Structures are given as C-alpha cells and as structure tokens.
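The values are calculated or read from the model by the stated rules, or taken from the named source; none is laboratory data. It should be emphasised that the depicted structure is a prediction, and the values quoted were computed from it without experimental measurement. As a convention, Cβ positions derive from the backbone with ideal geometry for all residues, glycine included, and neighbour counts pool all protein chains shown.
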Amino acid sequence: MLRQRKKNLEREVFIEEKEPLMKAYYQDQEEYNPKNTTQPPPNSNGYTFSTYFSYFWDYVSQFWTEFMKLVISPNAILPAISPIVKQRMSEFQKHIAIPFNKDDPSHHGDLVNLWNLFFKSDFTLNSHDWKLLGFQSDNPLTDFRASGIFGLKNILYFAEKYPTKFKLLADIHGTRDRHGESYPFAIASFNVTMLICELLGWGWKTPGVSTANDPTIYSKLISMLFSDNYSLELAENVFSELYCLALVELDGEWSESKAGYMDFPVVKTNTQGRVEKLLRTFCGIEDLFSHNLKNSN
C-alpha cells in the first residue's frame, strides 16, 4: 500500500507562469479554472491541505523575491556593525540572491546532479519523479522562484557532505518508519534556507532585524560567517552547515511532534528554537562542523 506522502504527491498541479506558486493546487478536480478559485473542495476541516499550504508557500516565494530587492536596495536597513563586516555581508547577500537560470550551464549541471543522486534514468526537466523529492510539480523550476540557485546548492551540499543523512531525510520511496504524514523535502529545504536568512536579519518584512529570540544568536552567526578569515567560499560553506543543522532539527521536530502538513508553520517556529538552543552551545564554526559530522548517520 502506498504511503500517505505518495498519495499527496500524486495530486495534479496546475500552474501558470503569471500566478504565484501553488495558487491553484486542487484535489479531485480534472480541470483548473483560474476564475473560480475561491471555493476549493472542502475536507473535514473545510480546506484541502493544498489550499492551506498554498498561502504558506506563497509567503516563501514572496520572501525570496523581496530578499533580492533588499539586496540591491540602497535604502536597506543595516545593523550596527563595522564597515568591513557590512561590506562582507553585502557581498554575500548578492552572492546568494542569484536567481536560478535554466540556460546557465552550471545551474543546469547542478540540477542534473540532484537528479542523478536518486534516479538512474536519463535526466528530464519534466518528470513526475520531481514530486517524489518534494517539489510541487513535474517541473522543479517553478519552485526555485522561492530560493534561487542557492536553494539548490544547499541541497547538493547536504547530499555530498552527509549522503547517509540526506537520503534518510529525503526518503523519496517513503520507507521510513514514521507516525503520520511526511513533509515535502524540497519545500522544507527552501524554508530552512529562508529561516537562516531571517536569523541573519535578511527577512523582507523587517530588513536588518534578526528573528532570533536570543539576541546573542545574531552576533554569533555574524562572527561565524564574516570572521577575519572571511571568503565567499567559506561563508557559503558555513551557511550550508547551518542549513544542514536546521534541516536535521526540522526533521526531528516533525517526527517527535508527530506533525502533519497543517502543522508546518508551527514546526518551523519550533525548529528555530531548537537551532538557537544548539547555537548557544557553539563557540565557533569548528563546533558547528563537528556537531553535524557527529550526527551525520
């Protein structure tokens, strides 16, 4: 019997380029009428999962759009930090805000690498298999509107650095012994990338203000990413390690709380608390790398 996750992944997705992600994502409906989206077929709670989650995913997509505006905006609010650190932050923000470009050979190559991690067949841009990895449609490009190429690079970093843990979390065949529903891995991954950005004060609603509950967390992240040994490569690796840490914590929170799809916003909030708790115990990036390595199996 197929697992609940696969049942959800087999629902049809209808997306038009001019519309936000998942704006029209309905169950048990053969045709999509964009003029009639106000009354989705109700379930016992009055809404389908996809209708509820569409609003949350619209937020994710809007976040990255506004983040890129923040990067290039000369009026962006900046924290009280030294000019050299401010310059490093600006450089890194621009580096991670690059949109995914299917015509860029390196971007295309990264997508092929992700495909080859799981599927033995020849790469194809339009395949139902993308849904098994937690994308919202048969074409993953629409989901990269929410994270740019950096969202894909985070996934590949995790897959290459911690392959055992990565395949356990991605769980494309639904073989894990879970209680309840599984989460869509790709979407969860992009949300984790966004979570780290928000901790750094790069959220579009309150630019320059960290969402961390503990104010010392912001300073610790700045010291990890933009130290005297700063380089774009090192900062990207440190960010990716923070991403790996947070994604593992999200998976743990999901499993321990026996969460379902409707609980995702709460899971994300609790995941941030778990990440902050761990970061308080770290003295530097060595502790971060060591923790991830110890928990990689």
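Values computed for the structure shown
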{"read-out": "Of all residues making up the stretch 274-297, the number that are among the small types (G, A, S), surrounded by 14 or more Cβ atoms within 10 Å (Cβ to Cβ) and over 13 Å from K161 (Cα atoms)", "value": "0"}
{"read-out": "Residue match in the stretch 108-122 (condition: more than 26 Å from L234 (Cβ to Cβ), in contact with a Phe, Trp or Tyr (Cβ under 7 Å, 6 or more places away or on another chain), assigned to a helix (DSSP H, G or I) and β-branched (V, I, T))", "value": "yes"}
{"read-out": "Filter result for E233 (modelled with pLDDT of 95 or more and among the acidic types (D, E))", "value": "yes"}
{"read-out": "Matching helices (runs of 4 or more DSSP H) fully within the stretch 126-171 where at least 2 residues are within 17 Å of L195 (Cβ to Cβ)", "value": "148-161"}
{"read-out": "Residue in the stretch 93-107 that is farthest from L199 (Cα to Cα), counting only those that are hydrophobic (A, V, I, L, M, F, W, C) and either assigned to a loop (DSSP other than H, G, I, E, B) or in contact with a strand residue (DSSP E or B) (Cβ under 6 Å, 6 or more places away or on another chain) (or both)", "value": "F100"}
{"read-out": "Selection count where residues are of a type in the set (G, A, S) and surrounded by fewer than 14 Cβ atoms within 10 Å (Cβ to Cβ), scope the stretch 224-242", "value": "1"}
{"read-out": "Any hit, the stretch 243-251, residues being surrounded by fewer than 20 Cβ atoms within 10 Å (Cβ to Cβ) and modelled with pLDDT of 90 or more", "value": "no"}
{"read-out": "Residues of the stretch 91-123 satisfying the condition of being surrounded by 13 or more Cβ atoms within 10 Å (Cβ to Cβ) and more than 20 Å from F190 (Cβ to Cβ)", "value": "E91, F119, F123"}
{"read-out": "Qualifying positions in the stretch 228-268 - without any contact (Cβ under 8 Å) to a residue 40 or more places away in the chain, assigned to a loop (DSSP other than H, G, I, E, B) and farther than 18 Å from R176 by Cβ", "value": "D228, N229, S231"}
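Yes or no, residue by residue, for (1) among the hydroxyl-bearing types (S, T, Y); (2) touching a Ser or Thr at 6+ places or on another chain (Cβ under 7 Å); (3) on the phi > 0 side of the Ramachandran plot:
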site	(1), (2), (3)
G208	no, no, yes
D214	no, no, no
N229	no, no, no
A235	no, no, no
A246	no, yes, no
D251	no, no, no
S255	yes, no, no
K268	no, no, no
